[in-house]
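Contents: one structure, followed by commentary.
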Amino acid sequence: MKRLGLGVLVLLALLAGGALWLEQQVNARHEVAEQNIIVPHGASVHRIARLLEHHGVVSSARWFRWYVRWQGDAGAIKQGEYRFSGKLNMPDVLHILVDGAVLQHRLTVPEGLRTEDILSLLAQKTHTPIQVWQKSLHGLLADGDWEGSLLPETYAYTLPLQPQKILKQMRVAQTHLLEGLTPQQAKKIRIMASILEKETALARERPLVAAVIRNRLRLGMPLQMDPTVIYGIWKRDGVFSGNIHRKDLHTDTPWNSYTRKGLPPTPICNPGAASLRAAMQPANVDYLYFVADGTGGHAFAATLAQHQANVRAWVAMERKHHAR
């Protein structure tokens, strides 16, 4: 009995010593070089532990796995990108992973880009092949109605990258702006907004350009707006030289508002929130014409005679400028 009692005591002492050693391993802090690590979606504790050990965030993958399971947090670790730095121990690391304070990234999409250009920008900013974004958008908008369907804005996203989630944010943001409209009304607003987005960058002019579009449509006049011609050329040729010629105005495409009355069949770009709001609430004016005024804005007119006078003023200003 004495011999058995001694064995038990030795075993208990070993267990106590082992537990103390394990506790020291778990709680020991070491310096971690600042770095970002992505915990992949669906990664096992084993894979996460090896990842952390490889990057020097924990000293032992084996003991980190043991600690996670002992804490019962194997299912609580959240995917995402985390930043580790400074003196950390295993409880610190596990707390970061369970708390889920993943890094936030931001990307800004300017107003007035075609959808293909937006996808190219997203691919460039996220270092991802454009084919990934194209496939994701096709999955989101299976009917192929891509143009003008995304809202240019600044968006936050996390890693691992989820392209369709980002695109859905952009689509939903536009849908909220057009809430209450029928699908037909929403499409009309998107087309109008895309044209005025290309015609002016001045906030005060957007409702005025929207009024010109509305008034011309009501009177059955062709819109005669150059950006629609440019978009038609791009759709036809896949490229635009940057210069629009007189013959282009008379070369018919489905988007050419010189050769066809009414709105084009689709938006010609992705308009911003300000342009969408202006298209929904045009100014209460009877303008039918506008032309550049030489100062970065436009001169608006309700009659052809006034418009022609504005054109002459603009031509004279241009000649004066080039004569200097």
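Among the numbered conditions (1) of a type in the set (A, V, I, L, M, F, W, C); (2) touching a Lys or Arg at 6+ places or on another chain (Cβ under 9 Å); (3) surrounded by fewer than 19 Cβ atoms within 10 Å (Cβ to Cβ); (4) modelled with pLDDT of 95 or more, tell me where VAL132 comes up short.
Evaluating VAL132 over (1) of a type in the set (A, V, I, L, M, F, W, C); (2) touching a Lys or Arg at 6+ places or on another chain (Cβ under 9 Å); (3) surrounded by fewer than 19 Cβ atoms within 10 Å (Cβ to Cβ); (4) modelled with pLDDT of 95 or more leaves (2) as the failure.
Exactly one condition in (1) closer than 25 Å to MET170 by Cβ; (2) part of a helix (DSSP H, G or I) is not met by PHE240; state its number.
For PHE240, the exception is condition (2).
Looking only at region 197-224, count how many residues are outside any helix (DSSP H, G or I), under 28 Å from the mean Cα position of the chain (by Cα) and touching a residue at least 12 places away in the same chain (Cβ under 8 Å).
First, the residues of region 197-224 that are outside any helix (DSSP H, G or I): 200-202, 220-224.
Adding the requirement that they be under 28 Å from the mean Cα position of the chain (by Cα) leaves 200-202.
Okay, now just the ones that are also touching a residue at least 12 places away in the same chain (Cβ under 8 Å), so 200, 202.
Result for region 197-224: 2.
Pairs only if they're at least six apart or on different chains, beta carbon under 7 angstrom, first in region 307-324 and closer than 15 Å to VAL291 by Cβ and at pLDDT below 90, second surrounded by 12 or more Cβ atoms within 10 Å (Cβ to Cβ) and of a type in the set (D, E, K, R); list them, first residue then second.
What qualifies is TRP314/ASP293.
Filter region 258-296 down to the residues that are in contact with an Asp or Glu (Cβ under 6 Å, 6 or more places away or on another chain) and polar (S, T, N, Q), then identify the one that is nearest to ILE213 (Cα to Cα).
So, considering only residues that are in contact with an Asp or Glu (Cβ under 6 Å, 6 or more places away or on another chain) and polar (S, T, N, Q), the one nearest to ILE213 (Cα to Cα) is SER275.
Residues being in contact with a Phe, Trp or Tyr (Cβ under 7 Å, 6 or more places away or on another chain) and buried (at least 18 other Cβ atoms within 10 Å of the Cβ): count how many of those fall in region 216-262.
Residues meeting the conditions: 7.
Return yes or no: is ALA283 part of a loop (DSSP other than H, G, I, E, B) and either closer than 12 Å to THR200 by Cα or in contact (Cβ under 8 Å) with a residue 60 or more places away in the chain (or both)?
Details: part of a loop (DSSP other than H, G, I, E, B): yes; either closer than 12 Å to THR200 by Cα or in contact (Cβ under 8 Å) with a residue 60 or more places away in the chain (or both): yes.
Here the answer is yes, as ALA283 does meet what is asked.
Quick one: which of GLN164, GLN184, GLN124, GLN131 is outside the structural domain of GLY42 (by TED's automatic domain parsing), among the polar types (S, T, N, Q) and within 18 Å of PRO267 (Cβ to Cβ)? Can you show your working first?
Numbers: GLN164 fails: within 18 Å of PRO267 (Cβ to Cβ); GLN124 fails: within 18 Å of PRO267 (Cβ to Cβ); GLN131 fails: within 18 Å of PRO267 (Cβ to Cβ).
Checking each option against the conditions leaves just GLN184.
Considering only region 136-164, how many residues are surrounded by 13 or more Cβ atoms within 10 Å (Cβ to Cβ) and assigned to a helix (DSSP H, G or I)?
Counting residues in region 136-164 that are surrounded by 13 or more Cβ atoms within 10 Å (Cβ to Cβ) and assigned to a helix (DSSP H, G or I) gives 6.
Answer yes or no as to whether GLY139 is touching a Ser or Thr at 6+ places or on another chain (Cβ under 6 Å) and either touching a residue at least 60 places away in the same chain (Cβ under 8 Å) or on the phi < 0 side of the Ramachandran plot (or both).
Values: touching a Ser or Thr at 6+ places or on another chain (Cβ under 6 Å): no; either touching a residue at least 60 places away in the same chain (Cβ under 8 Å) or on the phi < 0 side of the Ramachandran plot (or both): yes.
It is false that GLY139 is touching a Ser or Thr at 6+ places or on another chain (Cβ under 6 Å) and either touching a residue at least 60 places away in the same chain (Cβ under 8 Å) or on the phi < 0 side of the Ramachandran plot (or both).
The values are calculated or read from the model by the stated rules, or taken from the named source; none is laboratory data. The shown structure was predicted, so the numbers you read here are calculated from the model rather than taken from an experiment. Glycine gets a Cβ as well: all are built from the backbone with ideal geometry, and neighbour counts include every protein chain shown.
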